[in-house]
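The values are calculated or read from the model by the stated rules, or taken from the named source; none is laboratory data. Everything quoted here is computed from the prediction, not taken from an experiment. Cβ atoms come from the backbone with ideal geometry, glycine included; neighbour counts cover every protein chain shown. Each accessible area value is taken on the protein alone, full model and side chains, heavy atoms only, with ligands, DNA and RNA left out. Shrake-Rupley method; radii C 1.70, N 1.55, O 1.52, S 1.80 Å.
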Amino acid sequence: MTTQPDLVSSPPDSGQGFKRDVSTTAIVLALALLLPLLFDETLIGNLAYYLLWAFIAIGLAIMWGHGGILSFGQTAFFGLAGYAYGVLTINLGDSWIASWAGFFGSLVLAGAAGALLGYMICYGKVTGIFIGIVTLSITLVFETFMAQTAGPQWTIGKAHLNGFNGMSGMSPLSIPWFGPEALVLDGNRFYVVVVVLLAIVYLCTQRMLKSSVGLTLASIRENPRRAEMLGIDIRRYQMLVFIIGGVLAGLSGALYTIWGSYITPSSMGLNAAALPVIWVATAGRKSIAGTIVATAGLVWLSQLLAVYGSEYALILMGLILLFVVLVAPQGFLPWLLQLAKKPLVWHRSRQVSLALPEKTGRSS
């Protein structure tokens, strides 16, 4: 009879840490829900757009920062869920039941695709840089295929895939309300949906990463062979992070489709596949809160520069990635925090050094 190694036991203070996460998240969520009362609907709609990308980045942070798996396949799950939402809602109708069936159906499909890809990679013993090559290849193949579905024969029920032009005309999310018509979750209401989902995802991931699962993932990331020798089924945990990454990327894809009522193959291209990697690298890979902040900030900055030309945004993202690789391998945000702390540490050390001779003289 085998026993679980001490390596995967829960830390004694994980409960206290999670309680602090709940309190902090509740305060931030309350402040975020007050923003629609202070700003116009256009600004809030843009903020919802910036935040909906955080889910795909959180999934990659779990896979890369905590599971040690660098995947370029997140945008494939993103696009798959977006197209699935469009196909399901167009065929099921525009009722509130159909919208939520399409929403959850797209997440299930993205999770199933993540499980399939994870099974092929983990049990096929694909490791290291080859994981990035395989996931990027699958993403580009899927993007190329969807771009060539422009003919009238490329339909799924009532839904036309439309090739490079993409799908459009999907119904938004809605809920039953007083009266015969459902309440459409658009504008400020869509923003509320995004921030509430983001709070739930953040707490769930923090709970998982501070549990025995998180410690097990850390042990696999640091030394997979040693973890396997200790009796850990590393392939099962690696498949788990693939499923989580697929579902969270699918959540971003479904919300993106709902926000703009369209989805195109370009959302799965080479440029799109590299962006989540840059966002997570900027945040430091392991920080979920930092990933949310970095993603929203960089998406906002990209949109700001896109007004003058899309190439400026790509150049900036490339420079940020180059800076992180060469100067701040632990992440751009952690590097900034460390840089900000240096003057304070120097000031305190200076005070201590000035005080030491005086203390020495008194003692003598």
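Structure notes:
- In this view, the solvent-accessible surface of residue 19, computed with a 1.4 Å probe and all protein chains in place, comes to about 130 Å².
- Spin-label proximity, residue 325 to region 70-105 - amide N less than 20 Å from point 7 Å beyond Cα toward beta carbon: 70-75
- Measuring how big region 199-311 is from its alpha-carbon positions, Rg and Dmax come out at 16.9, 55 Å.
- Order of exposure, largest accessible area first, which applies to 66, 160 with probe 1.4 Å: 160, 66
- Under a model in which nothing but the beta-carbon of Lys, Arg (+1) and Asp, Glu (-1) is charged, region 139-295 shows a dipole of about 560 debye around its Cα centre.
- Residue-span extension gain [residue 16 to residue 236] - 0.36 nm each, minus C-alpha spacing: 76.4 nm
- Summarised in one figure, the compactness ratio Rg/Rh of region 133-218, Cα atoms and Kirkwood Rh, is 1.15.
- For the chain, the relative contact order comes to 30 percent (Cα pairs under 8 Å, sequence separation of at least 6).
- D_trans [Stokes-Einstein, Kirkwood Rh over alpha-carbon pairs] for region 38-110, 25 °C, 0.890 mPa s, µm² s⁻¹: 174
- Qualifying chymotrypsin sites (Phe, Trp or Tyr not before Pro) in region 220-327, DSSP loop, other Cβ atoms within 10 Å at most 13: 308
- Per-residue SASA entry for residue 40, accessible area with 1.4 Å probe, Å² rounded to 10: 90
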